[in-house]
Amino acid sequence: MKSRYATDCDRGCPVKVASLDAFDFLIIAFLNIGKFFGKYDGSIGLQDPEFYTLSNQFVREHQDVSPPFQKVHLKNLESEIEPFKNERGFELIAKALGILRPVKDRGVKP
């Protein structure tokens with residue numbers, strides 16, 4: 001899992017090429033606690049957090065390996081990553097593991 005706290009971050013997340021074989025899914029959390037870029041001090045810009053569950057293949061396809069950082073850039077990919085947002089993304093992991101959504105067994109009343 002990787003996270004970014006600033007609402008106005010560049011929507012990128014460091015992921016080294018050497019770590020690509022270490023995960024099946026990468027969850028990126030944008031905590032959106034406020035704006036910090038330029039003149040901002042974090043006192044404005046609070047938004048709901050966002051979680052994106054990205055497959056290893058997606059990360060490989062969108063990774064920038066140019067110096068100085070190896071990053072996955074999500075800026076301008078809003079429509080591509082929307083299906084992986086929040087609970088929809090978490091469901092991808094459950095599906096890959098064969099885990100069904102929990103349902104409470106209420107039993108049978110006589």
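The values are calculated or read from the model by the stated rules, or taken from the named source; none is laboratory data. Here the structure is a predicted model, which is why all the values come from computation and not from measurement. All Cβ positions, even for glycine, are placed from backbone atoms using ideal geometry, and neighbour counts span all protein chains on display.
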Only residues in segment 9-36 that are within 19 Å of Thr53 (Cβ to Cβ) and modelled with pLDDT of 95 or more count as the first member; pair them with residues that are of a type in the set (Gly, Ala, Ser) and surrounded by 17 or more Cβ atoms within 10 Å (Cβ to Cβ), Cβ under 9 angstrom, at least 6 apart or cross-chain, and list the lot. Asp24/Ser55; Phe25/Ser55; Phe25/Gly89; Leu26/Ser55; Ile27/Gly89; Phe30/Ala6; Leu31/Ala6; Asn32/Ala6
Just one listed residue, out of Ser43, Ser66, Ser55, is modelled with pLDDT of 95 or more, exposed (fewer than 10 other Cβ atoms within 10 Å of the Cβ) and not charged (D, E, K, R), and it is Ser43
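Can we say Val72 is out of contact with any strand residue (DSSP E or B) (no Cβ under 8 Å at 6 or more places or on another chain) and outside any helix (DSSP H, G or I)?
Here the answer is no, as Val72 does not meet what is asked.
Any residue that is buried (at least 16 other Cβ atoms within 10 Å of the Cβ), aromatic (Phe, Trp, Tyr) and under 13 Å from Ser3 (Cα atoms) - is there at least one of those in segment 26-33?
Step one: list which residues in segment 26-33 are buried (at least 16 other Cβ atoms within 10 Å of the Cβ), which gives 26-28, 30-32.
Filter once more, keeping what is aromatic (Phe, Trp, Tyr): 30.
Then keep just the ones that are under 13 Å from Ser3 (Cα atoms); that gives 30.
Yes, segment 26-33 contains a residue that is buried (at least 16 other Cβ atoms within 10 Å of the Cβ), aromatic (Phe, Trp, Tyr) and under 13 Å from Ser3 (Cα atoms).
Can you pull out the residues in segment 76-90 that are assigned to a helix (DSSP H, G or I) and within 13 Å of the chain's Cα centre (by Cα)?
Quick first cut of segment 76-90, residues assigned to a helix (DSSP H, G or I) only: 78-84, 86-90.
Once the filter is applied, which keeps residues that are assigned to a helix (DSSP H, G or I) and within 13 Å of the chain's Cα centre (by Cα), segment 76-90 yields Glu78, Glu80, Ile81, Glu82, Pro83, Phe84, Asn86, Glu87, Arg88, Gly89, Phe90.
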For segment 37-63, what are the residues that are out of contact with any Leu (no Cβ under 9 Å at 6 or more places or on another chain) and without any contact (Cβ under 8 Å) to a residue 24 or more places away in the chain? Gly38, Lys39, Asp41, Ser43, Ile44, Asp48, Gln57, Glu61
